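Quick notes on the structure that follows.
FYI, it's all coordinate maths here, none of it is from the lab. Note that the structure is predicted; figures quoted are calculated from it, not measured. Every residue, glycine among them, receives a Cβ derived from its backbone with ideal geometry; neighbour counts consider all protein chains shown.
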Amino acid sequence: MKRNIFLLFTLIFLLAAATASFAQQLQGEGQLGEAKAPVSMEQATEQVPQAVSKEEETADLTLTLEECVNMGLKRNPTIIAARKQLMASESSVESQRGQFGAGMKLKYGYTHSGDQPRSGDMPTDYQDKWGLGINVSQPIFMGFELLSKFQKTKLQREQSDASLYNAELILIRNIQEAFLTLLQGRMEVKSNQDSVARLKSQLDVIQAFYQVGLRPRVDVLQAEVELATAEQDMLKASNSVASRVARLNTLLNLPLEKKVNYSGELTYLPFSMTLDQCIVKADKDRPDLRIAMKAIKISEEDVTISESSFYPKLTADFNYNSAGGDPSVSKNRYNYKNRSDSWDVGANVNWDFFNWGATYYDVQRASDNVDKIKAEYDNTRLEASYEIKDQLLSLKASADRIGVGRKSVEAGREGYRMAMARYQAQVSTNNEVLNAQSRLSASEAQLIEALADYQVALARLFVAMGTKNPSLTTN
């Protein structure tokens with residue numbers, strides 16, 4: 001008799017403890033039978049909070065999404081490399097500009113002849129001779145080659161500038177996706193922690209019933225298996241968060257083990273632009289379209305450069321020469337009045353007027369290359385339009401999934417609460433509670449995924465339009 005009374009009090013105590021623990025998990029969800037207003041789209045993220053570790057909370061560096069993007073644009077090596085490429089392109093422009101001016105060549109040397117030059121018995125030049133020569137050549141007409149090369153380098157500089165912008169957009173997208181998936185991982189950890197807490201509470205109740213002979217041992221074993229599975233899922237989610245933190249640190253050029261509190265939330269941000277508005281903006285701002293357009297103009301300059309071989313080349317030249325028997329080349333006893341120097345000025349025309357069709361076919365090659373690059377530009381523009389359409393569809397689908405997901409979470413929590421109440425009242429089975437717990441966890445996972453997919457699609461959409469949006473705002 002005493003043993004039965006002891007077991008009865010033990011059962012009552014365990015049921016009270018489990019009920020209190022369960023009530024804490026569902027705090028704020030209302031009492032039994034109490035109706036709740038639906039959660040708004042903007043409040044959907046509050047249904048599944050994040051799990052932030054103590055190390056992150058106490059980290060000496062806290063970064064928001066916008067701060068991460070700005071840091072990455074300053075520190076990431078790919079951006080530094082793109083900036084150096086732009087600087088190299090600017091130097092190329094200045095180098096090609098110098099080709100318009102007169103070039104100066106200097107020649108100085110020594111020559112030893114096997115025999116002293118003679119005319120009859122009279123020597124006519126030094127056997128050991130020193131010489132100095134200076135040539136100044138000014139290009140006058142080079143068949144438009146110099147002008148086209150200069151225009152080409154300017155276009156290449158503009159192309160490098162667009163490539164830098166493109167690299168920045170790609171980095172922004174990568175940082176934003178890494179940041180958003182990190183937030184998603186934290187929410188998944190929190191959801192798994194809640195799932196473990198619910199299963200522990202259920203296991204306590206089942207063990208209490210089993211100890212007084214009201215439930216079979218198989219129910220305890222089943223609950224233990226479900227709890228172990230949930231704990232494994234929680235460990236996987238925690239490891240995934242650590243991996244995503246390392247990825248974000250890499251993009252920001254921070255040490256892998258650097259403790260950073262990445263602060264943010266997965267929120268619903270309404271987007272109102274239409275497909276046509278997005279495409280118009282992309283035509284204006286997308287760097288890959290600007291790069292492709294510059295490539296067309298560069299290829300057209302290549303045609304002009306190839307055609308320059310059809311024309312004669314005209315230069316103005318000035319030559320100064322001095323020769324003598326010593327390194328100073330200051331006098332020459334074999335010249336008139338011992339003068340060592342002479343000079344001349346003139347104009348020269350060089351024309352390669354026949355080369356068996358080499359120039360003709362080179363021009364044809366350059367012209368065909370223009371058509372090829374134009375076709376590639378058209379394809380790039382089509383792909384850009386498709387990318388925008390695809391991200392808009394993803395955005396809409398994710399928004400719809402958020403609405404469905406928040407209702408699913410509400411229903412899942414209510415279903416789990418009712419299943420627990422029925423089980424404690426001995427009018428349902430353990431399977432019913434475990435199924436309700438599984439449905440609640442699945443609905444939370446679906447809502448988390450929908451929130452993350454929405455913001456990732458939003459980030460990709462802004463990049464597809466060629467727009468920098470570090471903070472990922474839509475207003």
| Peptides 66-72, 78-84: what's the order by average Cβ count within 10 Å, highest mean first? | 66-72, 78-84
| message | Test of understanding: ordering 97, 290 by Cβ neighbours within 10 Å, fewest first, what list do you get? | response | 97, 290
| query | Going toward the positive end of the dipole of the chain, with +1 on Lys and Arg Cβ and -1 on Asp and Glu Cβ, which of 109, 264, 73 do you reach last? | reply | 264
| note | With +1 on the Cβ of every Lys and Arg and -1 on the Cβ of every Asp and Glu, the dipole magnitude of the chain about its Cα centre, in debye rounded to the nearest 20, is 620
| field | the chain: relative contact order in percent, alpha carbon pairs under 8 Å with at least 6 residues between | value | 24
| task | Take the alpha-carbon positions of the range 79-124, form their convex hull, and give its projected area averaged over all directions (one quarter of the hull surface) in nm². | result | 7.0
| Ranked 126, 110, criterion: other C-beta atoms within 10 Å, fewest first | 110, 126
| Do any chymotrypsin sites (Phe, Trp or Tyr not before Pro) in the range 347-442 lie in a DSSP loop with no more than 14 other beta carbon atoms within 10 Å, and if so, which? | 351, 353, 354, 356
| field | Of 284/372; 107/149; 294/372; 152/468; 294/468, pairs whose Cα-Cα distance is over 24 Å | value | 107/149; 152/468
| Gyration tensor verdict on the range 238-342 (Cα atoms; rounded if a/c is under 1.5, prolate if a/b is larger than b/c, oblate otherwise) | oblate
| task | Among 179, 155, 319, pick out the residue whose Cα is farthest towards the positive end of the charge dipole of the chain, where Lys and Arg carry +1 and Asp and Glu carry -1 on C-beta, about the Cα centre. | result | 179
| query | Using helices alone, what [θ] at 222 nm do you get for the chain, with -39,500 (n - 2.57) per DSSP H run of 4 or more residues, divided over all residues and rounded to the nearest 500? | reply | -22500 deg cm²/dmol
